Each structure stands twice: as C-alpha cells, then as structure tokens.
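Participant: Structure incoming, see below.
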Amino acid sequence: MKPVTDANDNSWNLIIKPKGKLFDFNFKDLWDYRDLLILLVRRDIVTVYKQTLLGFFWFIIPPVLNALTYVIIFGLFAKVPTGSDNLILFYLSGVIAWGYFADCINRTSSTFRANASIFGKVYFPRLIVPMASVLSALVKFFVQFAFLIVVMAYFGITGFAPNVQWQIIWVLPFILLLMALSGMAIGLIISSLTTKYRDLSNIVPFAVQFLMYATPVIYPYTFFPEKLRWIFDWNPLSPMIEIFRHLLMGTDRLNLLQLGGSALFTLVLLFIGLVMFNKTERNFMDTV
C-alpha cells in the first residue's frame with residue numbers, strides 16, 4: 001500500500017474528524033445515511049409484533065383499552081362533561097394523539113443508554129437513532145389513526161357521524177409535525193442528561209403521565225374553572241391536542257394563534273435539544 005504523504009490527496013473521498021463546534025450539526029450526513037434510517041425504523045416496528053400471537057394488533061389494543069377505561073371512569077361514573085355526545089371518539093382521539101407524542105419522548109429519551117454499544121463501535125450520525133424512533137412512532141400512529149377512521153366511519157353509518165372540519169383538515173399534518181418535533185426535542189434533552197444523571201430515566205414515565213393530566217387529553221378545556229385555565233393556556237401541548245380533536249369532531253377550541261406560539265416554543269426547544277445532544281455526543285462514552 002502506497003503511503004499518503006499529501007494531506008490534500010484527492011484519492012480520499014471520506015474524512016472522519018471530530019466535531020469542533022457546538023453548532024456543527026452536519027445535517028448532510030443524515031441524508032447520506034438514509035438507508036440506515038430506514039433499517040432502524042423497520043427494526044423498531046418489527047420488534048413490536050415479532051413472535052407475538054396478535055402481531056400488528058398490539059398497535060391498536062393499548063389505545064383502545066385506555067380509551068375504554070376513560071369512558072367507564074370519567075364518562076360513565078364521574079360523568080365528566082366532554083362537550084361531545086360520542087364519548088368513545090372523544091377519548092380515543094385524545095389517547096391516540098397523546099400516545100404519539102408520549103412515544104416520541106419515551107423512545108428518544110433512552111438514545112444514548114440503549115445504543116451505547118453501537119455508538120462505541122462504528123461511525124454514523126447519532127441523530128439517526130432518535131429520528132428513527134420518531135418515524136417508527138409515526139408508523140404506529142398511522143395504524144392507530146386508520147383504526148380511528150374506521151370507528152368514525154362506523155358511527156357515521158349508524159347515524160352518529162362526527163363533525164369533521166374538512167375546510168381546515170390541512171392543519172392536521174402540521175399538528176403531527178409539531179408533536180414529533182416537540183417530543184423528539186424533549187427526548188434529546190432527557191437523553192443528554194441521563195448520560196450523567198441516570199436516575200432521570202426513572203422519572204420520565206411519571207413526568208409524561210403528569211404532563212398528560214396537565215393537558216386536555218381526557219377532559220376538555222372548559223372542564224376546569226376559568227381561574228385555572230391559564231395552566232392550559234400556557235401549556236404548548238394544549239393547542240396540539242385540542243385542534244387535533246377539533247379537526248375530527250368539531251369539539252374543543254380552535255386557536256391558531258396559540259398554535260403559532262406552540263410552534264415557536266417547539267423550535268426553541270428543538271434547538272436546545274440539538275445543541276445538548278451534539279455536545280453530549282462528543283464524550284458520552286466516558287460517562288455511560
């Protein structure tokens with residue numbers, strides 16, 4: 001093998017070097033490794049139903065059971081007013097929307113700890129892993145959303161058709177994008193912190209559960225008295241859930257201005273998450 005004496009030798013087509021800047025995200029590598037991204041997404045999806053009796057139905061069973069639980073406890077026994085005559089659609093739509101956001105957090109929050117053995121052996125853009133987690137959660141959401149459409153069609157046939165807001169249904173992809181980015185941003189921050197403070201990983205499930213009750217998922221915005229509604233007004237997740245349900249059922253609020261504030265908050269949070277992830281990526285093998 002001929003030794004290379006010239007550092008500018010054009011025979012090299014790939015140079016691996018350490019990151020020297022905090023904001024050196026190098027998004028081009030994400031596109032170059034898109035095949036790996038697809039492979040990781042496929043792996044995350046297959047591991048859910050592989051060697052199970054019900055297979056793909058495990059994507060649908062948890063939200064259905066949760067929705068039925070809320071219907072019985074909050075709808076039939078507690079008689080919490082929802083502003084809708086169709087309790088099943090109200091709770092099912094809220095559970096599916098929140099489930100996607102929670103999945104994005106839970107999957108990305110363990111990025112460094114769950115993949116330390118891989119990160120220490122081969123180079124690839126580390127951001128590929130949380131992105132794959134978000135995309136696999138999106139596939140799961142699409143399966144659940146398809147089931148929700150079937151349920152809505154059933155009620156439409158039986159005379160209880162939901163009031164779908166077709167004129168603004170184009171907002172739905174934007175809502176999903178905000179859920180994905182905000183969930184991934186929070187997950188990146190948590191994943192970066194858990195490399196040094198591992199006990200944070202034990203708090204994540206409880207924090208996500210608490211956050212759900214601070215968001216109008218299982219009850220409408222109008223359920224609480226006006227003096228407490230500021231909690232939902234300042235919660236950037238509230239308009240995402242409310243508008244998602246409004247698009248499908250015509251219930252809840254439609255506050256696009258508040259949604260714009262949520263979008264701004266999400267972008268700021270995502271920037272912080274990327275910076276922390278980029279910084280932790282340099283030396284996390286010494287602490288994991």
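Participant: Residue check: is T251 in contact (Cβ under 8 Å) with a residue 60 or more places away in the chain, out of contact with any Leu (no Cβ under 7 Å at 6 or more places or on another chain) and on the phi < 0 side of the Ramachandran plot?
Facilitator: Here the answer is yes, as T251 does meet what is asked.
Participant: How many residues, within the range 221-232, are in contact (Cβ under 8 Å) with a residue 24 or more places away in the chain and in contact with a Phe, Trp or Tyr (Cβ under 8 Å, 6 or more places away or on another chain)?
Facilitator: Residues in the range 221-232 being in contact (Cβ under 8 Å) with a residue 24 or more places away in the chain and in contact with a Phe, Trp or Tyr (Cβ under 8 Å, 6 or more places away or on another chain): 1 in total.
Participant: Something else about it: Report yes if F57 is of a type in the set (F, W, Y) and at pLDDT below 90, otherwise no.
Facilitator: yes
Participant: Search the range 54-73 for residues that are without any contact (Cβ under 8 Å) to a residue 60 or more places away in the chain and surrounded by fewer than 18 Cβ atoms within 10 Å (Cβ to Cβ) and pair each with any residue that is small (G, A, S) and in a helix (DSSP H, G or I) when their beta-carbon atoms are under 8 Å apart and the residues are at least 6 apart or on different chains.
Facilitator: P62/G99
To keep it simple, each residue is scored yes or no on (1) free of Cβ contacts under 8 Å to residues at least 40 places away in the same chain; (2) β-branched (V, I, T); (3) more than 30 Å from N115 (Cβ to Cβ); (4) buried (at least 22 other Cβ atoms within 10 Å of the Cβ).
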residue	(1), (2), (3), (4)
T194	no, yes, no, yes
R198	no, no, no, no
M212	no, no, no, no
W234	yes, no, yes, no
L274	no, no, no, no
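Participant: Just to be sure I understand the filter: pairs with C-beta atoms under 7 Å, separated by 6 or more residues or on different chains, first member in the range 154-181 and among the polar types (S, T, N, Q), second member assigned to a helix (DSSP H, G or I). Which pairs pass?
Facilitator: N163/M249; Q165/H246; Q165/L247
Participant: Evaluate the range 124-131: report whether one residue or more is among the basic types (K, R), closer than 22 Å to I60 by Cα and touching a helix residue (DSSP H, G or I) at 6+ places or on another chain (Cβ under 8 Å).
Facilitator: Checked against the condition, which is being among the basic types (K, R), closer than 22 Å to I60 by Cα and touching a helix residue (DSSP H, G or I) at 6+ places or on another chain (Cβ under 8 Å), the range 124-131 yields no hits at all.
Participant: Report the residue count in the range 243-270 for those that are in a helix (DSSP H, G or I) and more than 16 Å from the chain's Cα centre (by Cα).
Facilitator: 14
Participant: Exactly one condition in (1) in a helix (DSSP H, G or I); (2) at pLDDT below 80 is not met by R43; state its number.
Facilitator: Result: R43 fails condition (2) only.
Participant: What number of residues within the range 120-131 satisfy the criterion of being more than 11 Å from the chain's Cα centre (by Cα) and either among the aliphatic types (A, V, I, L, M) or assigned to a helix (DSSP H, G or I) (or both)?
Facilitator: Counting residues in the range 120-131 that are more than 11 Å from the chain's Cα centre (by Cα) and either among the aliphatic types (A, V, I, L, M) or assigned to a helix (DSSP H, G or I) (or both) gives 4.
The values are calculated or read from the model by the stated rules, or taken from the named source; none is laboratory data. On a predicted model such as this, the values are computed, not experimentally measured, just so you know. Heads up, the Cβs are rebuilt from the backbone with ideal geometry, glycines too, and the neighbour counts pull from every protein chain shown.
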